[in-house]
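Structure first, then comments.
No value in this document is a laboratory result; all are computed from the given coordinates. Since the structure is predicted, the reported quantities are computational estimates derived from the model, not experimental observations. When we count neighbours, we look across all protein chains shown, and the Cβ atoms used for this are built from the backbone with ideal geometry, even at glycine.
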Amino acid sequence: MTKSQMKRDEAPWGQLEPPRFENGKPLLIAGLRSHYAAAPWEGIPAQWQRFQSICSTLTGSHLDRFPGQVGRTTYGLCFLLPNGVDYLSGVEVSGSSSLPDEFRSVSIPAQRYVVFPHREHVSKLHNTCEMVSKWLPTSAHEVAKAAGAPDFFERYGENFDPRAGTGDIEVWIPIKA
């Protein structure tokens, strides 16, 4: 066994796949925003369930289009704060005037991103985020921070299966061009 195979086998969460780079378009994301002081991955599943319940009430079906929703991709926006993490579970919208009272919206400017795929169950996404946080300082890339925008976001594409917790999950980190 080679040294790199041993290191990969020792990592409890697997290996970080090589990233790709994307020029992201401006986004307006709306949904539920909550604060987590510790271990956010423990409370976020319940936040997603609440978000899906509100969407079902609005549309009569599971995460179907509600007024102003753009596409079927969902997003988990992560705002790193000194006292924890703010997390917004939401969807892209064309405007924020007809949103439910409990929804908040966030504008994300067009930015350059480094994008990491996540192939495991969604419950292990925090492990990918941890590996990315270790990869970034060793890379030639510098994180970009736009005022009011998230530090990074999770993107759940149309092939994500919320019941199985797998498929089409990515972590998008804004970087300086």
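Hey, can you tell me all the residues within the range 82-95 that are loosely packed, with under 13 Cβ neighbours inside 10 Å and either without any contact (Cβ under 8 Å) to a residue 40 or more places away in the chain or closer than 19 Å to SER56 by Cβ (or both)? Passing the criteria: only PRO82. Taking residues in the range 96-107 that are farther than 19 Å from SER56 by Cα, and partners anywhere that are part of a strand (DSSP E or B) and of a type in the set (Val, Ile, Thr), the pairs with Cβ atoms closer than 6 Å and at least 6 places apart or on different chains are VAL106/ILE29.
Condition check ((1) surrounded by 13 or more Cβ atoms within 10 Å (Cβ to Cβ); (2) under 24 Å from GLN52 (Cα atoms); (3) among the hydroxyl-bearing types (Ser, Thr, Tyr)) across all residues:
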residue: VAL106; (1), (2), (3): yes, yes, no
residue: VAL122; (1), (2), (3): yes, yes, no
residue: VAL132; (1), (2), (3): yes, no, no
residue: LEU136; (1), (2), (3): yes, no, no
residue: ALA140; (1), (2), (3): no, no, no
residue: GLY148; (1), (2), (3): no, no, no
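A Cβ distance below 8 Å, combined with a sequence gap of six or more or placement on separate chains, defines the contacts here; from the range 159-176, residues that are at positive phi reach residues that are polar (S, T, N, Q) and not in a loop (DSSP other than H, G, I, E, B) in the pairs GLY165/SER123.
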